[in-house]
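No lab work stands behind these numbers, since they all come straight from the coordinates. Here the structure is a predicted model, which is why all the values come from computation and not from measurement. Positions of Cβ are generated from backbone atoms using ideal geometry, with glycine treated the same way; all protein chains shown enter the neighbour counts.
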Amino acid sequence: MNIIGPDALLFGIDDIDAATQYLTDYGLEPIGNGRFEALDGTAVIIAPKDDPSLPAPLETGSMLRKTLYGVADQATLDAIADELGRDREVKRLQDGSLEATDDVGFVLGFQVTVRRPLSLPAEAINAPGAPPQRPVNEIGVEGGAQPRPRTLSHVVYFVPDAARTEAFYAERLGFATSDRFTGVGSFMRPVGTQDHHTLFFIQTPPHMQGCEHFTFHMGGPTEVMQAGNHMVSKGYQSFWGPGRHLFGSNWFWYFKSPFGCNMEYDADMDLHDEQWTAREAFLSADTTQAFLLQPREKWAPMGPPPKAAE
């Protein structure tokens, strides 16, 4: 099934004003009707938690109400409807999308993707011993830049049964496992992308089920740092990062959010195809990150550095 990746995440929110401000500060563009878009049209959609048009929440009260996947074409939509319709209700909504529930209770949507093609330069580096990626007299960074997120990258779930979750996405929707943390959860990608993962899930007790974090891709590690520093300057709480993961190799910086979960910036994720063999490791500080940096306020070397950000 040619599923490309998440087109949007739909949340039922306690504080719409705080969520609106947060998503705008994060760099998403407010389009209207609670929709906030990245450069390619992928989005976060927010509504009041008691909005009757929202899918019902999980019993845990998670604010994430639906993960809406983009697919390549109508034929893929029809194939998903046929496959999932064998053992569960599949709704066909007025906008042409499908809605169903996975094996552990998360509501999924599927639509012909709304992603717009992007034609943007990536961050380029110059390194001794390699041909220059950035030409002579072209500068590498500008002070004060506020880069925008390019595309919705992935979502991470807390799940009560990681093995059952992995089996559902592999056997029913054709996702492949890129890597796995032993006894904890798996990184998975659908057929329509080579990104290391668009879905990761973590085994937790049932009362914790919900969204752990979600993220958008940036244009490179410098944009992750610039965007993250902008969020720190706005007073948002840094949760983890900046740093670089091992599984996926992506740079990361996580922040606390008004969505009952964390929200991340990432960049430079590994790409894989069917020739890739999934790795497995025990979850630890050494296997979740290659290194971890600690943000500080800017300073010049004329005195002691300021205290690191909390």
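Say we look at region 79-100 and pick out the residues that are touching a helix residue (DSSP H, G or I) at 6+ places or on another chain (Cβ under 9 Å) and closer than 14 Å to residue 172 by Cα; which of these is surrounded by the most Cβ atoms within 10 Å (Cβ to Cβ)?
For region 79-100, the residue satisfying everything is 100.
For region 1-48, name all the residues that are among the charged types (D, E, K, R), in a loop (DSSP other than H, G, I, E, B) and either touching a helix residue (DSSP H, G or I) at 6+ places or on another chain (Cβ under 8 Å) or under 18 Å from residue 148 (Cβ atoms) (or both).
Correct list: 40 only.
Residue-by-condition table, conditions (1) without any contact (Cβ under 8 Å) to a residue 40 or more places away in the chain; (2) of a type outside the set (S, T, N, Q):
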site	(1), (2)
13	no, yes
26	no, yes
29	no, yes
33	yes, no
66	no, yes
88	yes, yes
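In this structure, is residue 76 among the β-branched types (Val, Ile, Thr), surrounded by 16 or more Cβ atoms within 10 Å (Cβ to Cβ) and over 19 Å from the mean Cα position of the chain (by Cα)?
Considered against the rule, which asks whether it is among the β-branched types (Val, Ile, Thr), surrounded by 16 or more Cβ atoms within 10 Å (Cβ to Cβ) and over 19 Å from the mean Cα position of the chain (by Cα), residue 76 comes out as yes.
Is there a residue being closer than 26 Å to residue 160 by Cα and part of a helix (DSSP H, G or I) anywhere in region 61-80?
The answer is yes, given that some residue of region 61-80 is closer than 26 Å to residue 160 by Cα and part of a helix (DSSP H, G or I).
Pick from region 95-136 the residues that are β-branched (Val, Ile, Thr) and outside any strand (DSSP E or B): which of them is nearest to residue 61 (Cα to Cα)?
Ranking the qualifying residues of region 95-136, first place goes to 104.
When you go through 154, 196, 217 one by one, which is the residue that is buried (at least 21 other Cβ atoms within 10 Å of the Cβ), over 19 Å from residue 22 (Cα atoms) and within 16 Å of the chain's Cα centre (by Cα)?
196
This table checks each residue for (1) on the phi > 0 side of the Ramachandran plot; (2) outside any loop (DSSP other than H, G, I, E, B); (3) touching a residue at least 60 places away in the same chain (Cβ under 8 Å).
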| position | (1), (2), (3) |
| --- | --- |
| 200 | no, yes, no |
| 222 | no, yes, yes |
| 230 | no, yes, yes |
| 240 | no, yes, no |
| 246 | no, no, no |
| 249 | yes, no, no |
| 254 | no, yes, no |
